[in-house]
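Here the structure comes first, spelled out in structure tokens, and everything after it is commentary.
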Amino acid sequence: MLYTFLDVTFLVLHTILIIFNLFGWIFRKTRRINLLTILLTGSSWLVFAPWYGLGYCPCTDWHWEVKRRLGETDLPNNYLTYLIEAWTGIAITDFTAERLALGCLTIVLIASISLNVGDIIAQKKDAL
């Protein structure tokens with residue numbers, strides 16, 4: 001019962017994190033924390049790459065451990081592969097998911113940095 005609860009919790013929270021990474025830059029109040037979560041996500045993908053491969057996410061690793069304890073096997077290498085199929089029923093390859101994740105993260109990183117810099121410049125102008 002605990003692992004079922006953890007499975008659902010990881011599914012919901014990891015989905016929320018991904019959605020926040022994708023759209024948190026839109027709202028001025030969430031832009032700074034959004035930039036932080038994007039940078040942490042990207043850092044995880046790169047810092048752990050020598051040991052776990054490019055794109056490693058501890059949340060995925062922990063979720064997969066829960067799923068293994070629930071008896072699930074043949075889990076995809078990429079969480080987005082799993083997530084898209086879980087939420088939509090559409091099956092995509094890990095390769096497609098990896099390219100989609102990298103492309104989206106790059107776009108939202110640029111948007112978040114641009115808007116955060118714009119906010120800082122606007123605050124400095126207002127202070128003058």
Which numbered condition in (1) outside any helix (DSSP H, G or I); (2) among the hydrophobic types (A, V, I, L, M, F, W, C); (3) more than 30 Å from Leu2 (Cα to Cα) is the only one that Leu115 fails?
(1)
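Being under 16 Å from Ile38 (Cβ atoms) and exposed (fewer than 15 other Cβ atoms within 10 Å of the Cβ) is the filter here, so list the residues in the range 92-107 that pass it.
Leu102, Gly103, Cys104, Thr106, Ile107, listed by residue number.
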If only one of Ala49, Ala97, Ala91 is without any contact (Cβ under 8 Å) to a residue 12 or more places away in the chain, in contact with a helix residue (DSSP H, G or I) (Cβ under 6 Å, 6 or more places away or on another chain) and among the small types (Gly, Ala, Ser), which one is it?
Ala91
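Examine the range 31-42 for a residue that is among the basic types (Lys, Arg) and over 30 Å from Gln123 (Cβ atoms), and state whether such a residue exists.
Taking every residue of the range 31-42 in turn, none turns out to be among the basic types (Lys, Arg) and over 30 Å from Gln123 (Cβ atoms).
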Among residues belonging to the range 108-128 that are surrounded by 14 or more Cβ atoms within 10 Å (Cβ to Cβ) and of a type in the set (Val, Ile, Thr), point out the one that is nearest to Leu36 (Cα to Cα).
Ile113
Boolean, Ile84 is surrounded by 12 or more Cβ atoms within 10 Å (Cβ to Cβ), of a type outside the set (Ser, Thr, Tyr), in contact with a Leu (Cβ under 9 Å, 6 or more places away or on another chain) and under 18 Å from Val12 (Cα atoms)
yes
Please tell me if Thr30 is within 30 Å of Leu115 (Cβ to Cβ), modelled with pLDDT of 95 or more, more than 11 Å from the chain's Cα centre (by Cα) and of a type in the set (Val, Ile, Thr).
yes
Does Ile38 qualify as being without any contact (Cβ under 8 Å) to a residue 24 or more places away in the chain and of a type in the set (A, V, I, L, M)?
no
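The values are calculated or read from the model by the stated rules, or taken from the named source; none is laboratory data. Being a predicted model, the structure only gives us computed values, none of them experimental. Quick reminder, even Gly has a Cβ in these numbers, built from the backbone with ideal geometry, and neighbours come from all protein chains shown.
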